[in-house]
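What follows is a short report on a single structure.
The values are calculated or read from the model by the stated rules, or taken from the named source; none is laboratory data. Since this is a predicted model, take the numbers as computed values, not measurements. Please note: Cβ atoms are built from the backbone with ideal geometry, for glycine as well, and neighbour counts cover all protein chains shown.
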């Protein structure tokens, strides 16, 4: 089963899976519907493009992937394999990553591996990611930037307001929020904020509190200015 942006490699897939025991299907549906289609099959690997997966679906929808489990396995095509990307995908129930443009033989090996329950990723990369997962599930290990963003999100600021306050792009805020969710093992802002600020594991120090106040004031001014321009 192929869905989303992965359809651009359809010709490669047809060459890779045209022989028994593979049966190739094409889906133009969103993630939830594609997963439902997969579940109707005996054993299915859903191949999706990374951009389609993360840019077209909110975190709440990505969190549905583990609900399907076997016989549905999600394999993600990426341009570049990295610790951050693989950790993000594994924490959301995906079974591995595969370099876009891989040979037909490599595509078949990856599909056979995930169908059998294996995770498909380079061994060294997978080892680093598991070490990160085991040792970084603690709010104290958020980066300074991630903590700044989460502190503002916890106070109700939107991604756009946070971006304006920190003078960064909105997509940068979205990506950092996804990394925060992955590190803390949660899927929404409320849970992330409660874990970071409500458990006693990580309390903001005085300079950070002052910084947050300044950022909030800056964001509020930016929001009022933006609303005035639109009006």
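Here are some notes:
- Residue check, residue 228 closer than 26 Å to residue 61 by Cβ, modelled with pLDDT under 85 and out of contact with any strand residue (DSSP E or B) (no Cβ under 9 Å at 6 or more places or on another chain): no
- Members of region 86-109 found to be within 17 Å of the chain's Cα centre (by Cα) and buried (at least 19 other Cβ atoms within 10 Å of the Cβ), listed by number: 86, 87, 88, 89, 90, 91, 92, 94, 95, 96, 97, 98
- Test: residue in region 174-186 that is at pLDDT below 85, under 23 Å from residue 51 (Cα atoms), in a loop (DSSP other than H, G, I, E, B) and touching a helix residue (DSSP H, G or I) at 6+ places or on another chain (Cβ under 9 Å): yes
- Number of positions in region 28-43 that are modelled with pLDDT of 85 or more, touching a strand residue (DSSP E or B) at 6+ places or on another chain (Cβ under 8 Å) and farther than 18 Å from residue 89 by Cα: 3
- Hey, residue 62 closer than 16 Å to residue 175 by Cβ, in contact (Cβ under 8 Å) with a residue 40 or more places away in the chain and touching a strand residue (DSSP E or B) at 6+ places or on another chain (Cβ under 7 Å) or not: no
- Candidates are the residues of region 75-85 that are over 13 Å from residue 126 (Cβ atoms) and surrounded by fewer than 17 Cβ atoms within 10 Å (Cβ to Cβ); the one that is modelled with the lowest pLDDT is 84.
- Residue selected from region 10-22 under the condition out of contact with any strand residue (DSSP E or B) (no Cβ under 7 Å at 6 or more places or on another chain) and touching a residue at least 60 places away in the same chain (Cβ under 8 Å), by the criterion surrounded by the fewest Cβ atoms within 10 Å (Cβ to Cβ): 15
- Residue 81 farther than 22 Å from residue 173 by Cβ, in contact with a helix residue (DSSP H, G or I) (Cβ under 9 Å, 6 or more places away or on another chain), free of Cβ contacts under 8 Å to residues at least 12 places away in the same chain and not assigned by TED's automatic domain parsing to the domain that holds residue 179: no
- Looking at 45, 76, 72, just one residue is in contact with a helix residue (DSSP H, G or I) (Cβ under 7 Å, 6 or more places away or on another chain) and closer than 29 Å to residue 173 by Cβ, and that residue is 76.
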